[in-house]
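One structure is given below, encoded as C-alpha cells.
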Amino acid sequence: MGRKSLKIEQLARKGILDLVAYVPGKSIEEVERELGKKKWVKLASNENALGPSPRAITAIRKELSNLHLYPEGPCPDLKRALGQRFSVSEEKVVISNGADNVLSLIASAFLNEGEDAVMATPTFSVYSTVTRIMGAKPIEVNLKEFTHDLPSMLNKVNHKTKLLFVCNPNNPTGTIVTKKALDEFVSRIPDWLILVLDQAYWDFADSPDYPEGLDYVREGRPVILLRTFSKVFGLAGLRIGCAIGRQDLIDCLCRVREPFPVHRLGQAGAVAALKDKVHARKSIQMVVEGRRYLYRELDKMGLFYLPSQANFVFMDLRKDSKKALQDLLAEGVIIRPGYIWGYPTFARVTVGRPEDNRRFIKVLRKTL
Ligand SMILES: *Cc1c(COP(=O)(O)O)cnc(C)c1O
C-alpha cells in the first residue's frame with residue numbers, strides 16, 4: 001500500500017502507553033502455579049470468605065438452560081429489586097459488569113480530554129486509570145490522617161474539573177468521611193461537578209457517622225453512588241456492579257453502556273443474592289467480629305493498624321511489605337502488600353472466617 005507500518009507509539013491513543021495494566025491481589029490459581037497446591041488462605045482482594053449466597057447458586061443453576069438467549073441489557077428485574085431496596089426509582093439505577101466497569105462508563109460519559117478529576121491518594125486505583133484513558137488528568141490529594149481531606153480536594157477544583165471521586169469507606173485504609181463532613185462538602189460543590197461516591201464497602205460500615213448517600217440522590221444533587229455485588233454478596237466472580245444517581249446522569253451512563261453488559265447468570269444470581277438477607281447478615285457479622293479479633297491480636301503484638309469500616313484492615317507490619325508478602329505466601333497466606341499504595345511496610349488484609357484470621361495471625365507471629 002506504500003504506507004509505512006506505524007510504530008505502537010503512533011497506533012496507541014495518546015497517553016495509553018503510560019498506563020500499566022491493573023495488578024490484582026494474587027489469585028489462588030496464580031500462587032498454585034508458582035508455589036504449588038496447598039490449603040491457601042486468600043486475604044488479598046476483599047472477597048467474601050463465606051462464599052456466594054446459596055440462593056444465588058440455586059438461581060444461577062436454574063438459569064443455565066437459557067444461556068442460548070441474550071440477556072436483557074438493562075437488567076430490569078435487578079434494577080427493580082435495587083430500586084425497591086434503596087427506595088429510589090429504577091430510572092436512577094444502572095447496572096453493569098462490575099463497579100469497575102461502571103467507573104469506565106462514568107469516565108466515558110463525562111470526561112473530555114483536558115478535563116480534571118479530583119481524587120484522594122492512596123485510594124482505589126481504577127479512578128485514576130479510567131480518567132487517564134479519556135485523556136483527562138487525575139488530580140491526587142493526599143489523605144490527611146489516613147482519611148479523605150475534603151477541604152483540600154475542594155481547593156483543587158477549577159473550571160476544568162468535572163469529577164470528584166470519594167471512596168467511602170476508603171480502599172485501602174478502611175477509613176470513612178463522616179456524614180457531617182460529606183454534607184458540608186456536597187453543599188459546597190460547584191454545580192458543574194459530579195461527585196462519584198464509591199460505596200463498595202458500605203454494608204460493613206457500622207459507624208453512626210457513616211453517610212449512606214442515598215439522600216443526595218433523592219434531593220437531586222449531582223451525585224452518583226457506586227455499589228457492587230463483589231463484596232458482601234460474595235459474587236466477585238460474577239462481575240456485577242451498579243450506580244445509583246440523579247436520573248439525567250444515569251441516563252448518560254446508559255447511553256455509553258455496552259448492549260449486554262451483565263450475562264443471564266449474573267442477573268439471576270444478583271437478584272437472588274439481594275433477597276438473601278440471612279447470608280448478608282452472616283457476612284457482615286463475620287466481618288465485624290473478625291475486625292475485633294484482628295485488632296485484639298495486633299494490639300497484643302504492638303502493631304499499628306487503622307480501625308476499619310470495611311472488610312479489611314490496613315496495618316503496619318514494620319517490615320518491607322514485599323518481603324512480608326513472600327514470607328506469608330510461604331506459609332500459605334495471601335495478603336496485599338502496602339508498597340503499591342506508597343506504604344512500604346503496611347499490608348491490607350481482608351477479614352476472613354475466624355479460622356482464616358487465626359491462621360493469618362499465627363503465621364504473622366511466626367514470620368515477624
Ligand atoms: C472492589 C472494589 C470495587 C470493584 O467492584 P467490582 O464490582 O468487583 O468491579 C470498586 N470500588 C472499590 C473501592 C473496591 O474496593
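Just so it is clear, none of the values below were taken in a lab; they were calculated from the coordinates. Being a predicted model, the structure only gives us computed values, none of them experimental. So basically every Cβ, Gly included, is an ideal-geometry build from the backbone, and we count neighbours across all protein chains shown.
Brief remarks on what is shown
- Extension gain for the segment D206 to N142, taken as residue separation times 0.36 nm less the Cα-Cα distance, is 20.5 nm to one decimal.
- In nm, spacing of pseudo-spin labels at S108 and Q10 (7 Å Cα→C-beta vector): 2.7
- Alpha-carbon radius of gyration plus Dmax, which is the widest Cα pair, for the chain in Å: 20.9, 72
- Packing order of peptides 14-25, 143-154, highest average first: 143-154, 14-25 (average count of other Cβ atoms within 10 Å over each peptide's residues).
- If you take all other residues with their beta carbon under 14 Å from the beta carbon of G135, and give Lys and Arg +1 and Asp and Glu -1, the sum is +2.
- Rounded to the nearest whole Hz, the Karplus-based 3J(HN,Hα) values (6.51 cos²θ - 1.76 cosθ + 1.60, θ = phi - 60°) of the stretch 65-75 follow the sequence 6, 9, 5, 6, 9, 4, x, 7, x, x, 6, with x at glycine and proline.
- Across the stretch 160-170, rounded Karplus estimates of 3J(HN,Hα) from the backbone phi angles (6.51 cos²θ - 1.76 cosθ + 1.60, θ = phi - 60°) give 8, 7, 10, 10, 10, 10, 10, 9, 9, x, 7 Hz, Gly and Pro being marked x.
- Backbone N atoms of the stretch 332-357 closer than 16 Å to the 7 Å Cα→Cβ label point of K319 belong to residues 332-339, 344-348.
- In terms of its C-alpha gyration tensor, the stretch 275-333 has a prolate overall shape, because the principal axis ratio a/c (a ≥ b ≥ c, square roots of the eigenvalues) is not below 1.5 and a/b outweighs b/c.
- Cα centroids of the stretch 238-273 and the stretch 144-159: 30 Å apart.
- Here R80 and V278 are evaluated by their C-beta separation; at R0 = 35 Å the FRET efficiency comes out at 0.95.
- Spin-label model, E72 to L35: label points 7 Å out along the Cα-to-beta-carbon direction sit 4.6 nm apart.
- Separation of alpha-carbon centers, the stretch 75-96 and the stretch 5-38, rounded to whole Å: 34
- Residues W341, W202, sorted so that the one with the fewest Cβ neighbours within 10 Å comes first: W341, W202
- Partners for K275 among lysines (Cα-Cα distance below 19 Å; same-chain residues under 8 apart left out): K62, K79, K231
- Multiplying the residue separation of L17 and I57 by 0.36 nm and subtracting their alpha-carbon distance yields 10.4 nm.
- Sequence-distant aspartates and glutamates (8 or more away, or on other chains) whose Cα lies within less than 20 Å of K39: E29, E30, E47, D327, E331, E355, D356
- When the listed pairs K162/K319; K156/K319; K92/K162; K92/K277 are checked against a 30 Å cut-off, the alpha-carbon distance exceeds it for K162/K319; K156/K319.
- Based on DSSP H segments of at least four residues, each scored -39500 (n - 2.57), the chain has a per-residue ellipticity at 222 nm of -11500 deg cm²/dmol.
- Counting Lys and Arg as +1 and Asp and Glu as -1 over every other residue whose Cβ lies under 13 Å from the Cβ of V177, the net charge comes to -4.
- 3J(HN,Hα) along the stretch 36-44: x, 6, 7, 7, 7, 10, 9, 10, 10 Hz, from the Karplus curve 6.51 cos²θ - 1.76 cosθ + 1.60 with θ = phi - 60°, whole Hz, x for Gly and Pro.
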